[in-house]
Each structure stands twice: as structure tokens, then as C-alpha cells.
1. Between a residue in the stretch 1-28 that is part of a loop (DSSP other than H, G, I, E, B) and any residue that is among the aromatic types (Phe, Trp, Tyr) and modelled with pLDDT of 95 or more, which pairs come within a Cβ distance under 8 Å, given they are 6 or more apart or on different chains?
2. Select from the stretch 295-305 the residues that are within 16 Å of PRO123 (Cβ to Cβ) and small (Gly, Ala, Ser) and list them in ascending order.
3. Working only within the stretch 194-222, note down all residues that are at pLDDT 95 or above and either assigned to a helix (DSSP H, G or I) or acidic (Asp, Glu) (or both).
4. Give the stretch 93-142 a look and list any residue that's buried (at least 24 other Cβ atoms within 10 Å of the Cβ), aliphatic (A, V, I, L, M) and over 21 Å from LYS269 (Cα atoms), or say none.
5. Evaluate the following for GLU230: is it farther than 25 Å from LEU293 by Cα and surrounded by fewer than 22 Cβ atoms within 10 Å (Cβ to Cβ)?
6. Please determine whether any residue of the stretch 74-93 is among the basic types (Lys, Arg), touching a residue at least 12 places away in the same chain (Cβ under 8 Å) and over 25 Å from LEU154 (Cα atoms).
7. Criterion first (surrounded by fewer than 16 Cβ atoms within 10 Å (Cβ to Cβ) and on the phi < 0 side of the Ramachandran plot) does ALA85 satisfy it?
8. Would you confirm whether any residue within the stretch 35-54 is out of contact with any Pro (no Cβ under 6 Å at 6 or more places or on another chain), of a type outside the set (A, V, I, L, M, F, W, C), assigned to a helix (DSSP H, G or I) and over 27 Å from SER291 (Cα atoms)?
Amino acid sequence: MSTAYITHPDCHLHDMGSYHPECPARLRAIEDQLIASGLINYFDHHDAPLVTREQLKRVHAEHYIDAVESSAPERGIVHLDPDTAMNPHTLQAARRAAGAVILATDLVMGKKAVNAFCCVRPPGHHAERARAMGFCFFNNVAVGAAHALEHHGLERVAVVDFDVHHGNGTEDIFSGDPRVVMVSTFQHPFYPYSGIDGRSSRMVNVPLAAYSSGVQFREAVNEHWLPALERFKPRMIFISAGFDAHREDDMASLALVEADYAWVTEQVKEIARKHAEGRIVSVLEGGYEFSALGRSVASHLKVLSGL
């Protein structure tokens, strides 16, 4: 078995307008780096399917799904909030992004892949149960985690989120579910200005001050994430893999580097090995400086795949 790499051409067609940082070139930057490094040849490649309405309803309110679907324009761009917009291809791309995580979960649970990476957009971790925001429409990682719980019958799953922004949507969806633990780091104070009030033994949110580096990040993981994950003993781990905390990414002010992403992936793999039969599904979230994004994803995937 090898790492499953799941994407789809539809994810390139979602476009929120000129100069928007969450743009199709993000996926091209990742793919170019994986080709240049030779890593692309070591993965099992899969096209993302379309998520079903029933799969979305596990984490999103039906009226919200209806609202997203009815907002899809036939031409031009429609804004759902100042940062989050749809073009005629957005709905299909969002369905593919969520569907990728469903497929990844099935492949890993079925022992057809050792783990999986979903190279998809739009991202998802800001999408709440009934609200689109922060470039996100459907909460991809939550769709996958709910699928592992409901379809595959797992008792406990964990979400690991190292995006520079707090995954408010994932917390909104799972804060009341004792089967899910979420561990996260994020710059604070910073968009979406959440993650502090909701902290608990299952919502292990660790704020990092602006200009924090890998030193502070690794301290947070060692002191907060790993003990929480050890106590919870998840049977599967989902990663909201945002790479916008990189020091070259000017969308934020943290200072991680590729080695930090490789290191945290090693820590998550060890928890998965001990408690989850190695089961990990990683899902792309943020990362807006193209070169840093490509290099960081390559470092993450090199560790994830054991290369």
C-alpha cells in the first residue's frame, strides 16, 4: 500500500476573481513541486468523486446546503461574504473537495491506502454547520470525520489543524460530539477571532502570538496536542493541513518552515501508529505563497508516505 493522492480538475475551475489569494494557481504550485521533486510518482492517484447530499447533511444543516446550491451563479461571481465567492464552477469544485475526503476515508479504512492526501480546493475548515466564510463552503475535513464515525462505525476520531487560522467551522460542528477531539494551533489575535472561548479537553486550541516560530509551535504540540491525543486514543486522524503559517506567507505572521511541517507530521504518524492502525487522512486548507506552499506540502507528503 502507498499514500493515496486525491484531486480533480474541477478544483482548478473555482475562481473568486483576480488577485484573490485562494486561487487555482495554489494547486498548480503543489503539483509542480511534486513533479520537480519526483514525489508525484510514488503515490496512488485518484479522481475525487462528488460528495452526496446525505454525506453533507451529517455536518451541515439542510437549509444551508440548499442556500449554497441556490447561490451558484450561471455566470459571473456571487459573494456569500466579503471573502467567499462562487463562480459557475464553485459548487462542483466544493462537491469534489468534500467527496475527496469521503474517498480518502474509504480507501484508508478499506486498507487500500496506507494514508491519504486530498489536494483540493476550495478549503473547508472555516465552514460552519450553517455558514460559509473564510474561502470555505463545505467543511471537507468534518465531512470525512463524520463519514468515519457514521459509515465506518469508528468510536473516536481526531482532527489535527495546523493552519494559521483557527478552524472555527470544525469546532462549531464537533464541539458537542464526544467522539471527536480537535487539536489546533493558530495565530491569535487573528481571523476568525475565535478558538479561545471554546477551549476544552476535547477542543485543544493553542493560540500562538504573531511572529512565533517553530520553537513555540513545537512546544504547543508537545505540551498540549500530544498528551490530549494520547488520552483520547483516536481510531483515525484527520489533518486540516494549512501551510499559511510558513514564514514566507505574508497572509499571516507566523514563522514555520518546511522542517516544522515534516516534524509535526512525524508526531501525528506516531500517534496514528499507536492508536489508529496508522490511519491518517490529510486535507489541504490554506497556504498562499506558492513556492512555500509547494515545498511545505512536499515535506508533509514525504513524511506521510515514508519516503
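The values are calculated or read from the model by the stated rules, or taken from the named source; none is laboratory data. Everything quoted here is computed from the prediction, not taken from an experiment. Cβ placement follows ideal geometry from the backbone for every residue including glycine, while neighbour counts extend to all protein chains displayed.
1. Correct list of pairs: SER2/TYR42; SER2/PHE43; MET16/PHE135; PRO21/TYR288; GLU22/PHE135; GLU22/TYR288.
2. SER296, the sole residue that qualifies.
3. Hits for the stretch 194-222 are GLY214, VAL215, GLN216, PHE217, ARG218, GLU219, ALA220, VAL221, ASN222.
4. Within the stretch 93-142, ALA93, ALA94, ALA97, ALA98, VAL120, ALA127, ALA132 meet the criteria.
5. Answer is yes for this residue.
6. Yes, the stretch 74-93 contains a residue that is among the basic types (Lys, Arg), touching a residue at least 12 places away in the same chain (Cβ under 8 Å) and over 25 Å from LEU154 (Cα atoms).
7. Considered against the rule, which asks whether it is surrounded by fewer than 16 Cβ atoms within 10 Å (Cβ to Cβ) and on the phi < 0 side of the Ramachandran plot, ALA85 comes out as no.
8. Yes, the conditions are met somewhere in the stretch 35-54.
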